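J.: Below is one structure. I have some questions about it.
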Amino acid sequence: MTVPVRITVNGRPVERDVEPRLLLVHFIRVFAEQTGTKIGCDTSQCGACTVLIDGVSAKSCTTLAVQADGSSVTTIEGLSDGEQLHPLQESFWNKHGLQCGFCTPGMILASHELLRTNASPSEAEIRHGLEGNMCRCTGYQNIVRAVRDAAETMATAK
Amino acid sequence: MSSRIFGSGIRRREDPRLITGSALYTHDITLPGMAYAVMLRSSHAHARITRIDTDRAAAAPGVLAVYTGADIEGALQPVPCAWLLPDSGLKIAPYPCIARDVVHYTGDIVAVVVAEELPQAHDAVELIEADYEPLPAVTDPEQAAGADAPQLHAKDVNGDDIAGNQAFHWTVAGGDVDAAFAEAEADGVVIKERILQQRLIPNAMEPRGAVAQYNRATGELTLWNTTQNPHIVRFLCSVVTGIPEDKLRVIAPEVGGGFGSKIAVYPADFITVFCSKQLGRPVKWIETRSENYQATTHGRDHVQDVELAATKDGRITGLRCTVHAGMGAYLSTAAPGIPTILHGLMLSGCYTIPALKEDVYGVYTNGVPVEAYRGAGRPEATFMLERLIDVLAGELGMDPADVRRRNFIPKFDDGHEVITTLNYDSGDYPGALDKLLDHTGYQALRERQAAGPSNGKYLGLGLSSYVEICGLGPSQVAGAIGFQGGLWESAIVRFHPTGKVHVFIGASPHGQGEETTFAQIVASEIGVDAGDVKIFHGDTDATPMGWGTYGSRTTAVGGAALALAVRKIRDKAKVLAAHLLEASVEDMDYEDGKFFVKGSPDKSKTIQDIALMANVAWDLPEGMEAGLEASTFYDPPNFVFPYGAHLAVVEVDAATGQVDLTGYTALDDCGPQINPVIVEGQVHGGVVQGIGQALWEGAAYDDSGQLVTGSMLDYALPRADLLPPIDVISTVTRSPHHPLGVKGIGEAGTIASTAAVYNAVIDALKPLGVKRIDMPFTPERVWRAIQEAKGS
Amino acid sequence: MFAANFEYHRAGSVAEARQLLAAHPGAKLLAGGHSLIPLLKLRLAAPEAVIDIGRIGELRGISNGGGALRIGALTTHAEIASSDAVKSGAAALAEAAGLIGDPAVRNRGTIGGNVAHADPASDLPTVLIALDATFTVNSPDGERSVSAADFFQGMMATALGEHDILTAVNVPAGGGGSAYVKFSHPASRYAVVGAAASLTVAGGTCTSASVAVGGATAVPARCASVEAALAGQALSADVIAAAAAAAGGDLGDDLLGDVFASGDYRRAVTPVYVQRALAAAAERAG
């Protein structure tokens, strides 16, 4: 059986008849053809698949596409405003918050969630806010720096 | 600019594509007509395959083909081992791409399904009926070497017997070890330790995968592969699949980390090639994370019995050890060299050790093949020495820092030969330790510790001094130690008419940032803007041959090749500038991208002027070729030897056994730093990986050979909230033989940090009488060690 | 990883969900999916049908009345953790909800899905047992209320029948203080040991104590001997430590153990976590 699903991915509505078992991450990667969202594990641990569903973070490998039917999903490709990078993207770049880049899309969106719920997090709060996202390259230190930097930029911009 | 760009922490040039999701990794490659492969892997660690029935799977919706071991017979050769360790009785067991008779670990492939859609392939794999006759399994390397152990392989690839599961027995020796120990027994100290370097799962965040596209009309194959060394993959893919090297193109697109696990060549990748060739369609195979745990190479797995002889005043006189190194079910590509050449030769560490002997037994076990894992052999050597020195310090009632000082090789700047015959290039080990102790307030920390535990929490300090061999390495040495390849690197530098530069390198970075640091090398050597330099890598059709990115060698070897290539360009440019300025070459000077007549800086040509003229070639000196391009193949004269000293500070909760890492300082000396921000990032990541081994990580098998830590739910990786900030400092000691003086930094953190954390935890628990704990330091293990010490 | 295929039905109301359950024997209810989807992906569960109740608005939200919090089954962990009503009325529950998984998991995972799954290493069951919560269950015979003590029946087993739908969890919002302290598994983030304590205090004397420990047993264990040792006592660090010392004995004989932490170890460290939970609860109880 298939079910009709319509999800707006980064502003573009995508409609497909999908098997109910299809995960949101596959919908995004295969049908919306946005491959920035990564699959790093199969047990909801690594966070590489983190996206925003209606502005709130979710692990797209632990969400059925059909659960997100009718919603609006933002992935790493939808975070920047045209050529204008989101402050988090700028900060990850400026603070060397990435190496191989595979965890980065999920890491940036998890950071987005952290700053949505806490605009001025402490170092400890940043580290806890990223507990669901794994990085094997950076030892997290420059990611923490990047999030702090972005928080400051975003506070000044307000 | 050239004076400042080398050493500047500029932003990485690779990042814009990575922070916007536009980078393409192997998993992101989609081709017209693509089909999807899923492997069926053995559910037994050791078993005879009695029946495989693929009929139901083959008939399932969307299935294009199902292949078993019988189908690849003759089409896919066994996976080769490429490090033929000499003088070791090396016995290479046949490593088929698909097991036909006997499976040797729970990841062994027994069949592959190819389907139109990925979910269909997953569904169909479930329909394959495979029957097994289970055989006894063994996963501990020491047990596997024992007399009663189940035997994995009867014969090696040459038809010779493999006895006692022994893949090789390798020895390194120097000095009179027996005399050293006899003397220490009589009038000195002998320390004995048993060290378990547990099995680790590398966990590159990007799982492995392959996309194979075979063109039946041309006989050409393109393989997108998650690899650290596409040229080696092309070489070995040609050997295994029979596709001639000239018709094989291997592309390492964006690669999401490797840490050693993407050095090896793998059965699944060759099977994907086979499927594409059989079906005449592109085929994609991407492993799941659980599959990665089950079948992508693991690291470490040593059982070490070590003895140290010393005088009563703490001077080391001898080192003797026996290592059982688990190799897993088959010898992976570079595996035999890891616990031997890269381990045994490093056993002098930063110290003057007059006599040592090590016996390394490489042992087949029913586990995932073991390969290089960040540090590869050197962390196991550093750990051994750094642990023994702390034990010696405890035995003699000395501070661990003092025992290190007593044994350090004195400062040297142009070569120092150690007992293992390596000739270290340059170093100041006492200076590094002193700076670390000053910086961290070591004495004050010791005083705080002496005040006793607070709230049941015990403070511990752990030091680790290290030197590592990297910049692999002279190809002549590679040949002598059995490595079936060269170890040089290459670079082609091409100037375009507008002065923009393309650089093509044979190495294959996958997160280390060489698109930036290599642009900085070009910028500093010839005065162009780093932003005008684009580095190409990872495509065997587009780049010169190279041996890959591992062993902290890309900057140390590839960076040298690049610097020398740019210097060739500079030499040619100087001749052309002299011609255009109607001066003699001897009268020309160069600075900051400008070639000028000595004493007349306004009579000059910029490198951009020269690039234009060289490319249009309207006015060249007689006999000069058009174009501005140079290539270099750099074969290093020696290895390079980065070093450093690290300090870990922990608090251990005696009531629960919980270890809290409260501080960590790394001092590393990798020579002049091209980009200190990138260097610091490498140290952060490396240190945390080593911390992971000490505190959290460990692959565990049960008695039947099933991987108990089979997913990220069970195998604990370092997370942001479990770590303190890492304080990174450095000293700078040039390598005397390297064109840029640089060494390497990729593995340094991992090599030092495991021992530092281990020493800190044992140091914390010294008042309670705890002497050793097996890694990782799970709370229960720490708690049990405390209970046992209390009881004794 | 792909689940085996299943039929999907979306329920717009509890009544519709019940009809769908009746029509599809063996069907699984899907709320946030954070317990069910991992099982489906690993093919440890392969139901023929999944009934999505995730959009039933009446099942979502927190209300406060009659001295109790009514928490709709679809309320997410994030909503519970950040709810002022929960933080002030049942601090341990907010604390536990904030320690589940990670932020993205807490945004999707629901209290109903969590307790219906009844994982012994889960956090909420321990707290709900300590807080004497009750569960509102909609069944073909009408609505019934089940106490926490009766709700959790074993490992992954609850009092919910095949046609039952958990609609709300009701938590007494007492005047005392409560706390939850967790020893997280470093990989899974589930509780190796989790201790929940709830105390009421009058004039420095403990008037009632309620303590539960999860992670160590198939169903979180109520620590009767700890509770008894505290009741009527003037609370001090020593009294708390002495009472907590008995917690290991309240766990019974069948302890859970794995390669990371054996049953013996879990028992041995249980008093430490119970003591920490009691100390925090005592402070909150004033």
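Nothing in this text is a laboratory measurement; each read-out follows from the coordinates by a stated rule. On a predicted model such as this, the values are computed, not experimentally measured, just so you know. Every residue, glycine among them, receives a Cβ derived from its backbone with ideal geometry; neighbour counts consider all protein chains shown.
J.: How many nm is it between the label spots at B:GLU116 and B:THR421, if each spot is 7 Å from the Cα in line with the beta carbon?
T.: Each label point is offset 7 Å from its Cα along the Cβ direction, giving 6.2 nm.
J.: I want to check the label-to-label distance for B:ALA617 and B:LYS790. Put each point 7 Å from Cα in the C-beta direction and report it in nm to one decimal.
T.: That separation, rounded to one decimal, is 8.4 nm.
J.: Considering every Cα-Cα pair within the range B:627-693, what fraction, in whole percent, is farther apart than 18 Å?
T.: 59 percent
J.: Given B:PHE168, B:VAL503, B:THR241, which one lies farthest toward the positive end of the charge dipole of the protein assembly as shown, if we put +1 on the Cβ of every Lys and Arg and -1 on the Cβ of every Asp and Glu?
T.: Of the listed residues, the answer is B:VAL503.
J.: Just list whichever of B:LYS411/B:LYS435; B:LYS192/B:LYS743; B:LYS457/B:LYS790; A:LYS38/A:LYS158 have alpha carbons separated by over 24 Å in the model shown.
T.: B:LYS192/B:LYS743; A:LYS38/A:LYS158
J.: I would also like to ask the following. Residue separation times 0.36 nm, minus the C-alpha to C-alpha distance between B:MET624 and B:ASP529: what's the value?
T.: 31.6 nm
J.: Same structure again: Report the charge-dipole magnitude of the range C:1-89 in Debye, nearest 20, computed about the Cα centre from +1 at each Lys and Arg Cβ and -1 at each Asp and Glu Cβ.
T.: The dipole of the range C:1-89 has a size of about 120 debye.
J.: Once you average over the residues of C:31-37, how many Cβ atoms of partner chains fall within 10 Å of each Cβ?
T.: Mean shielding count: 4.
J.: Which whole-percent values make up P(r) of the protein assembly as shown when all C-alpha to C-alpha distances are grouped in 10 Å steps starting at zero?
T.: Answer for the protein assembly as shown: a P(r) of 2, 9, 17, 22, 21, 16, 9, 3, 1, 0, 0 percent.
J.: For the charge dipole of the protein assembly as shown, defined by +1 on Lys and Arg C-beta atoms and -1 on Asp and Glu C-beta atoms about the Cα centroid, which residue among A:CYS100, B:ILE10, B:SER290 has the Cα displaced farthest towards the positive pole?
T.: Highest projection toward the positive end goes to B:ILE10.
J.: Also: Filter the GluC sites (Glu not before Pro) in the range B:62-127 down to the DSSP loop ones having no more than 11 other Cβ atoms within 10 Å, then list what survives.
T.: B:GLU73
J.: If you don't mind, there's one more thing I want to ask. Per 10 Å bin, what percent of the C-alpha pairs of chain C does each bin hold, from zero upward?
T.: Histogram of Cα-Cα distances, whole percents per bin: 7, 30, 34, 20, 7, 1, 0.
J.: Taking the Cα centre as origin and putting +1 on Lys and Arg beta-carbons and -1 on Asp and Glu beta-carbons, what dipole magnitude results for chain A, to the nearest 20 debye?
T.: Approximately 240 debye in magnitude.
J.: On alpha-carbon atoms, Rg over Rh for the range C:177-285 using Kirkwood Rh?
T.: The Rg/Rh ratio comes out at 0.99.
J.: Any idea which of C:GLY12, C:VAL272, B:PRO453 is furthest toward the positive side of the dipole for the protein assembly as shown, if Lys and Arg beta-carbons carry +1 and Asp and Glu beta-carbons -1?
T.: After comparing all options, I get C:GLY12.
J.: Considering only C-alpha atoms, what is the centroid distance from the range C:70-88 to the range C:134-182, in Å?
T.: 15 Å
J.: If you don't mind, there's one more thing I want to ask. How long, wide and thick is the range A:87-157, going by the Cα atoms along their three principal axes, in whole angstroms, largest first?
T.: Rounded to whole Å, the extents work out to 30, 22, 17 Å.
J.: I would also like to ask the following. Given Cβ point charges of +1 (Lys, Arg) and -1 (Asp, Glu) and nothing else, what value in debye, to the nearest 20, does the dipole of the protein assembly as shown about its Cα centre take?
T.: 1540 debye
J.: Whole angstrom only: what separates the Cα centroid of the range C:90-123 from the Cα centroid of the range B:555-609?
T.: 67 Å
J.: Then there is this: What trypsin sites (Lys or Arg not before Pro) does the range B:13-53 have in DSSP loop regions with at most 14 other beta carbons within 10 Å?
T.: none
J.: If I take R0 = 51 Å and measure r between the Cβ atoms of B:ARG100 and B:VAL477 in this structure, what FRET efficiency does the formula 1/(1 + (r/R0)^6) give, to the nearest 0.05?
T.: About 0.85, to the nearest 0.05.
J.: When the C-alpha atoms of the range B:488-634 are aligned to their principal axes, what extent does each axis show, in angstrom, from largest down?
T.: Principal-axis extents of the Cα atoms in the range B:488-634, largest first: 47, 27, 23 Å.
J.: Quick check: net charge around B:ALA45, other residues with Cβ under 10 Å of its Cβ, Lys/Arg +1 and Asp/Glu -1?
T.: Its environment carries a net charge of -3.
J.: Pick out the long, greasy-scoring helices in chain B: whole DSSP H runs spanning 24 Å or more along their own axis by Cα, mean Kyte-Doolittle at least 1.0.
T.: Span-like helices here: B:748-765.
J.: Roughly how crowded by other chains is peptide C:109-116, in terms of the mean Cβ count from those chains within 10 Å of each of its Cβ atoms?
T.: For this peptide, the per-residue mean of nearby foreign Cβ atoms is 0.
J.: Separate question: If you filter the range B:570-609 for GluC sites (Glu not before Pro), then keep DSSP loop positions with at most 13 other Cβ within 10 Å, what is left?
T.: Sparse-neighbourhood loop GluC sites (Glu not before Pro): B:GLU582.
J.: Counting other beta carbons within 10 Å of each residue's own, what order do C:ARG43, B:ARG320 fall into, fewest first?
T.: C:ARG43, B:ARG320
J.: Okay, moving on. Could you tell me the calculated FRET efficiency between B:ALA182 and C:HIS163, based on Cβ-Cβ distance and R0 = 60 angstrom, to the nearest 0.05?
T.: With a Förster radius of 60 Å, E is 0.15.
J.: Using only Cα positions of chain B, each an equal point scatterer, no hydration layer, compute I(q)/I(0) via Debye at q = 0.06 Å⁻¹ and quote the log10 values to two decimals.
T.: Result of the Debye calculation: -0.40.
J.: Suppose the chain between C:SER208 and C:MET156 were pulled fully straight at 0.36 nm per residue; how much longer would it get relative to their current alpha carbon spacing?
T.: Between C:SER208 and C:MET156, full extension yields 15.7 nm more.
J.: Here is a follow-up. Using alpha carbon centroids, what distance separates the range C:254-286 and the range B:625-662, in Å?
T.: When both Cα centres are located, 40 Å separates them.
J.: Please give the average number of partner chain Cβ atoms lying within 10 Å of the Cβ of each residue in C:263-271, rounded to a whole number.
T.: Average per residue, whole number: 3.
J.: Tell me, what is the FRET efficiency for B:ASP402 and B:LYS766 to the nearest 0.05, using R0 = 25 angstrom and their Cβ-Cβ distance as r?
T.: 0.95
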